[in-house]
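The values are calculated or read from the model by the stated rules, or taken from the named source; none is laboratory data. On a predicted model such as this, the values are computed, not experimentally measured, just so you know. Because the Cβ atoms are built from the backbone with ideal geometry, glycine has one as well, and the counts that use them run over all protein chains shown.
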Amino acid sequence: MAQSFTNFKDAESQLLASLYGKADLNFVSGKGSYLEDASGKRYLDFVSGIAVNALGHCHPSIQKAIAEQAEKFMHISNLYPNKPQIDFAEKLLAASGFDKAFFCNSGTEANEGAIKFARKYFNRKGLIEKQRIVTFVNSFHGRTFAALSATGQPALREGFGPMPGEFEHVVWNDTNALCKAVNESTCAIMLEPLAAEGGVMTISEEMVKTINELREKFNCLVIADEVQTGVGRLGTFLGSSKYGLNVDIVSLAKAVGGGLPLGVVLMRSHVAEMLKPGDHGTTFGGNPLACAAGLAVVNEVLSSGFLESVLERSEELKAGLAKLAEKYSFLGNVHGDGLLLGIETEKPVAELIASARENGLLVHRAGANVLRLLPPLNVSKEEVKEALSILDKACSLVS
């Protein structure tokens, strides 16, 4: 017999596997930078679906693109070419400077594809000994088996049995450790240009220089996981270009689909040339609806003044967070770049998140002690001020 629920969390406890610790909120609509719950209360959304809603909620360009494509067809598989994929790939490659694209459905799938492509590249070249992939402690690359093996958080692998081998994790920004780890058997160095989940960790200039030198010295590839940093989040189209990383393969997801499931692997021609039909595939990857939405997102991000505005809002938010750190002794350093920012806290992060949410602001966490902010990329100056004001109130309540 069907049950009637008035609370979404109660319904989920009866119907869904308990794999998430969700807040007790009943959201019913969203517009721009705000979500609204069933009671009519509005929340300023500085989580953005964990960096997915780059243009906020219900952006008219995305809605229009989806509606127009839905009138044509929503799925035809990858047995046939489809124009939304072609149009989107052309735009992505022009914006990024890469040569070929592969479409999938999520960030973890993009990273899984990137790992497979890197290993296949050397296998086809006859260098079968080049299998090892070096990543970083506290990194996060996804939850499929290879992506989880690349992730530098052992607790996430606990209980799932043997993982795929040939992954090594070194401490972030430790150039000595990286130099010891990379050798002739290294297939790739894989990293997030800005390590979001691990605590909003920014890469050092020395680490960038070392990675670029090791790539040349040992003829290995560099894989940039831009699932969270790509498509304008750091104020440049790709985060790797902002920091000067020489990259062979890039994974994208989150913002690239504008709210629909979409992942992309971008690669240089030397990698793409080593791939053949049947090496990898996906039924839903590059879904026409998702690609239409993605094209609308990228067009907006590349429009005149958009990325400059991201950097302006970033500076305002950084300055505001620094002032809060001066006011509240339990707050510490401000981390991050663009509109992927965090601030250290000695108070439990969960308390700050709950206090902010109670006062109408949605924020997130990163690592054990960092409060993370991921506003829409088109957030306004007034909304940044509002967020800082609510955070001020939330800090005063927990202190």
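Here are some notes:
- Selected residue [part of a loop (DSSP other than H, G, I, E, B), surrounded by fewer than 22 Cβ atoms within 10 Å (Cβ to Cβ) and of a type outside the set (V, I, T)] from S329, S355: S329
- Listed by position, the helices (runs of 4 or more DSSP H) enclosed by the range 138-232 that each have at least 3 residues that are hydrophobic (A, V, I, L, M, F, W, C) and either assigned by TED's automatic domain parsing to the domain that holds N369 or within 30 Å of L371 (Cα to Cα) (or both) are 145-150, 205-218.
- Considering residues of the range 208-231 that are under 19 Å from H141 (Cβ atoms) and not hydrophobic (A, V, I, L, M, F, W, C) only, the residue surrounded by the fewest Cβ atoms within 10 Å (Cβ to Cβ): R215
- Strands (runs of 3 or more DSSP E) contained entirely in the range 19-128, each with at least 2 residues that are in the same structural domain as N219 (by TED's automatic domain parsing), among the acidic types (D, E) and more than 20 Å from the chain's Cα centre (by Cα): none
- Among (1) surrounded by fewer than 24 Cβ atoms within 10 Å (Cβ to Cβ); (2) on the phi < 0 side of the Ramachandran plot, the one test that G113 misses: (1)
- Restricting the range 52-88 to residues that are among the hydroxyl-bearing types (S, T, Y) and farther than 16 Å from G259 by Cα, the residue that is surrounded by the most Cβ atoms within 10 Å (Cβ to Cβ): S77
- Selection status of Q14, over 24 Å from the mean Cα position of the chain (by Cα) and buried (at least 16 other Cβ atoms within 10 Å of the Cβ): no
- Residues of the range 361-371 that turn out to be touching a Leu at 6+ places or on another chain (Cβ under 6 Å) and not in a strand (DSSP E or B), as a count: 1
- Test result for K242, part of a helix (DSSP H, G or I) and free of Cβ contacts under 8 Å to residues at least 60 places away in the same chain: no
- Residue among V298, V379, V310 that is in contact with a helix residue (DSSP H, G or I) (Cβ under 6 Å, 6 or more places away or on another chain), under 24 Å from T229 (Cα atoms) and in a helix (DSSP H, G or I): V298
- Flag if V384 is in contact (Cβ under 8 Å) with a residue 40 or more places away in the chain, touching a helix residue (DSSP H, G or I) at 6+ places or on another chain (Cβ under 7 Å), in a helix (DSSP H, G or I) and closer than 18 Å to G49 by Cα: yes
- Residue within the range 208-222 that is farther than 15 Å from A118 by Cβ and in contact with a Phe, Trp or Tyr (Cβ under 6 Å, 6 or more places away or on another chain) present: yes
- Of all residues making up the range 250-270, the number that are surrounded by fewer than 24 Cβ atoms within 10 Å (Cβ to Cβ) and outside any loop (DSSP other than H, G, I, E, B): 3
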